[in-house]
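J.: Before anything else, here's the structure in question.
Derivation of every value follows stated rules applied to the coordinates shown; laboratory data play no part. These figures come from a predicted structure and were not determined experimentally. Positions of Cβ are generated from backbone atoms using ideal geometry, with glycine treated the same way; all protein chains shown enter the neighbour counts.
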Amino acid sequence: MEEQIKAMRAEIEAAAAAITDSKEMYQLRKQYLDNKTGQISALMKNMRDLAPEERPAFGKIVNELKTWALDFFTAQDARLKSAELAKKNAAEQIDVTMPASAHACGALHPNTLIANELIEIFAGMGFTIFEGPEIENDYYNFTALNTPKDHPARDMQDTFYVSPELLLRTQTSAGQIRVMENTKPPIKILSPGKVFRSDDDATHSPMFSQMEGLVVDKGITLCDLQGMLDEFARNVFGEGVRTRLRPSYFPFTEPSVEVDVSCFECGGKGCRLCKDTGWIEVLGAGMVNRKVLENCGIDPDVYTGFAFGMGIERIAMLKYGIPNIKMLFESDVRVLSQFHE
Ligand code: DAH
């Protein structure tokens, strides 16, 4: 009997030595220690075949074997589990000093950067945003802006018509009428948006963006306009930049002006950018025409106002030195990734 016990112990040790996995070890443990089917439990059952006086000694050595096996398997289990944990930890180890993998990160389009910058500047002066529709009535885009059907100024903008009365707006100035019709002065709005013209070359695109400004109140003068534009020019193009107003013509303003900024590249001395003039044209503006105020039910003897409109792409091209307007619409990441806030 004792031989049998010794053999079983050796057998367990040999089997355990070949095992490297805690789950397999558990199976082996069951094979010997399971209360019903385990081989050690089976030994106990052999007791029946022994003479009664041999039974206590036999019971004792089987119990010893059982105690030994319990301790043995507990130790084996701990050994394998700690080896397995060490292996898992080694596999999952991360080097926190390693450089992170680069992620391609999107950025705002130059048009958006400029529009946001303008909104921030003018919002700081108390302007609020109004966005009009891109498909407009002939009335809002032209007639109410003092440009009736036979007016020669209509030729200034080649228009895409959707129907005889509907068109793709050629200017955000259309929004001025919508605001003035519905708002009692004081009015101070900024109106950004897409506009459309049948026009296509290096500096013109059939679709582009404008930013319109409109101020109407008692006692508004051209000086107020220039003061605000000075603020705009300094913020967008740099501290030393000045503005200059030149007489011009727009049907919806009287007087009308073209606004130049002193060349931010050469400081006004003359260079390629300003074509040796020292000045760069950036926008159109003027005092709101009396007729336009009247068209909107605002008394021009009580209220005056100024308006201005600028091309966002033009500002972006000037500020970032972009030579061709198409570069702003081609979505070429090599170009667009160069512009940051
Ligand atoms: N709407 C004009 C254009 O698209 C720009 C403009 C000029 C807007 C004078 C104005 C303005 O509000 O007063 O060419």
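J.: Who wins for biggest fluctuation among GLY175, GLY59, GLY227 in a Gaussian network model of the chain, springs between alpha carbons below 10 Å?
T.: Highest fluctuation among the options: GLY59.
J.: How would the stretch 55-136 be classified by its alpha-carbon gyration tensor: rounded, prolate or oblate, with rounded meaning a/c under 1.5 and the a/b versus b/c comparison settling the rest? Could the numbers behind the result be given before it?
T.: Values: a/c = 6.85, a/b = 4.49, b/c = 1.53.
Note, shape of the stretch 55-136 comes out prolate.
J.: Kindly provide the Kirkwood hydrodynamic radius of the chain in Å, to one decimal, from all pairs of distinct alpha carbon atoms.
T.: Values: mean 1/r = 0.0372 Å⁻¹.
By the Kirkwood definition, the hydrodynamic radius is 26.9 Å.
J.: Could you let me know the centre-to-centre spacing of the stretch 62-76 and the stretch 172-216, using Cα atoms, in angstrom?
T.: Spelled out, the Cα-based centre of one part sits 90 Å from the other.
J.: Taking neighbour counts of Cβ atoms within 10 Å as a proxy for exposure, in what order, fewest first, do GLU281, GLU54 appear? Let's see the in-between values first.
T.: On the way: GLU281 16, GLU54 12.
Lowest count first: GLU54, GLU281.
J.: Moving on to the next point. How do MET180, MET156, MET98, MET317 line up, fewest other C-beta atoms within 10 Å first?
T.: MET98, MET156, MET317, MET180
J.: Taking only Cα atoms, what is the 0 to 90° angle, nearest 10, from helix 110-123's long axis to the longest principal axis of the chain?
T.: Tilt of helix 110-123: around 70 degrees.
J.: Now for a different question. Out of SER205, SER331, SER101, any idea which swings most in a Gaussian network model of the chain, alpha carbons joined below 10 Å?
T.: Its mean-square fluctuation being the largest, the pick is SER101.
J.: Then there is this: What order do you get for HIS109, HIS103 when you list them from fewest to most C-beta neighbours inside 10 Å?
T.: HIS103, HIS109
J.: With unit charges on the beta carbon (Lys/Arg positive, Asp/Glu negative), name the residue among ALA102, PRO56, ALA86 whose Cα is farthest towards the positive pole of the charge dipole of the stretch 1-153.
T.: PRO56
J.: What ³J(HN,Hα) values, in whole Hz, does the Karplus curve 6.51 cos²θ - 1.76 cosθ + 1.60 give for the stretch 138-155 when θ = phi - 60°, with x put for Gly and Pro?
T.: 3, 4, 6, 6, 10, 4, 5, 8, 6, 10, x, 3, 8, 6, x, 5, 4, 5
J.: Mind listing the long-range amide H neighbours of THR159? Cut-off is under 5 Å, sequence gap 5 or more, other chains count too, H placed in the peptide plane at 1.01 Å from N.
T.: For THR159, the qualifying residues are SER198.
J.: Let me ask you something else. Straight distance only, please: which aspartates and glutamates reach the Cα of LYS188 with their own Cα at less than 20 Å, same-chain residues fewer than 8 apart left out?
T.: GLU117, GLU120, GLU131, GLU212, ASP217, ASP224, ASP230, GLU231, GLU254, GLU294, ASP299, ASP301
J.: Sequence gap at least 6, Cα distance under 8 Å: using those rules, report the relative contact order of the chain to the nearest whole percent.
T.: 14 percent
J.: On to the next question. Once amide H atoms are placed 1.01 Å from N in the peptide plane, what residues at a sequence separation of 5 or more from THR253, or on another chain, have their amide H within under 5 Å of its amide H?
T.: ASN289
J.: Would you calculate a helix-derived [θ] at 222 nm for the chain, using -39,500 (n - 2.57) for each DSSP H run of n ≥ 4 and dividing by the full residue count, to the nearest 500?
T.: After summing the helix terms and dividing by residue count, I get -12500 deg cm²/dmol.
J.: In whole Å, what is the distance between the alpha-carbon centres of the stretch 104-133 and the stretch 1-44?
T.: After rounding, the separation between the Cα centres reads 78 Å.
J.: Continuing with the same structure: For the chain, with a Gaussian network of springs between Cα atoms less than 10 Å apart, report the residue from GLN31, GLN226, GLN171 with the top mean-square fluctuation.
T.: Largest GNM mean-square fluctuation: GLN31.
J.: In addition: Can you run phi through the Karplus equation (6.51, -1.76, 1.60; θ = phi - 60°) for the stretch 57-69 and list ³J(HN,Hα) in whole Hz, with x for Gly and Pro?
T.: My calculation for the stretch 57-69 gives 5, 5, x, 5, 6, 5, 4, 4, 4, 4, 4, 4, 4 Hz in order.
J.: Residue by residue, what Karplus-based ³J(HN,Hα) values in Hz, rounded to whole numbers, does the stretch 292-300 have, using 6.51, -1.76 and 1.60 with θ = phi - 60° and x for Gly and Pro?
T.: Values per residue, Gly and Pro as x: 5, 4, 4, 4, 9, x, 10, 6, x Hz.
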